[in-house]
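Enquirer: The structure is given below, and queries will be raised subsequently.
The values are calculated or read from the model by the stated rules, or taken from the named source; none is laboratory data. Please read all numbers here as calculations on a predicted model, not as lab measurements. So basically every Cβ, Gly included, is an ideal-geometry build from the backbone, and we count neighbours across all protein chains shown. To get the accessible areas, we keep the full protein, side chains included, count just its heavy atoms, and leave off ligands, DNA and RNA. Shrake-Rupley method; radii C 1.70, N 1.55, O 1.52, S 1.80 Å.
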Amino acid sequence: MIIPELKQIEQKMIAGRYREHLANAMAAACNRLTPDERILLLLRYEADFSLQKIAKSLGTHCGRVSRRLRKVQEKLRDSIIYGLSTEPDMNGKAIAECLRDMIGNPYHEISLLDYIKESMAQRKPPVGTRQWVKRPALILVKSNRPTINSRVADPE
């Protein structure tokens, strides 16, 4: 029989063990998403839009939104697993434990939605919406001083 307090301590320890690895992998995975993929995930899971409402706002069919969402979820999952595999001390067994723990452990303090929003804030806005800094125009001034070319052309 497992004492509930000991189970909580174990869950907190496991969450702490993988926190940095998981944070790095999730941040990298979110940066690999396109802006459209991020928006789709945020509409579905942050704004809690139904598939029908997303489809209507995008002017497409519900089935297409469902397939697109599934592909984005697969891409995100694969990117997180890849990111974990590049972390030091993360072998297959550790990655599997980390993923199981991420799903079942209530003590993980890492929010995937926060990383998605953060990755959106880090990206440059589309070219049409960027504010271009106006540089001063190049002003040509005629000088009375001799130039290098005029000295070579006029040997005195």
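Enquirer: Anything in region 40-77 that is outside any helix (DSSP H, G or I) and under 27 Å from ALA25 (Cα atoms)? List them, or say none.
Expert: ALA47, ASP48, PHE49
Enquirer: Hey, could you check region 1-19 for residues that are open to solvent by 70 Å² or more (accessible area, probe 1.4 Å) and touching a residue at least 24 places away in the same chain (Cβ under 8 Å) and say which is farthest from GLN122 (Cα to Cα)?
Expert: GLN8
Enquirer: Evaluate region 46-53: report whether one residue or more is in contact (Cβ under 8 Å) with a residue 60 or more places away in the chain and either open to solvent by less than 30 Å² (accessible area, probe 1.4 Å) or over 19 Å from the mean Cα position of the chain (by Cα) (or both).
Expert: Looking through region 46-53, none of the residues is in contact (Cβ under 8 Å) with a residue 60 or more places away in the chain and either open to solvent by less than 30 Å² (accessible area, probe 1.4 Å) or over 19 Å from the mean Cα position of the chain (by Cα) (or both).
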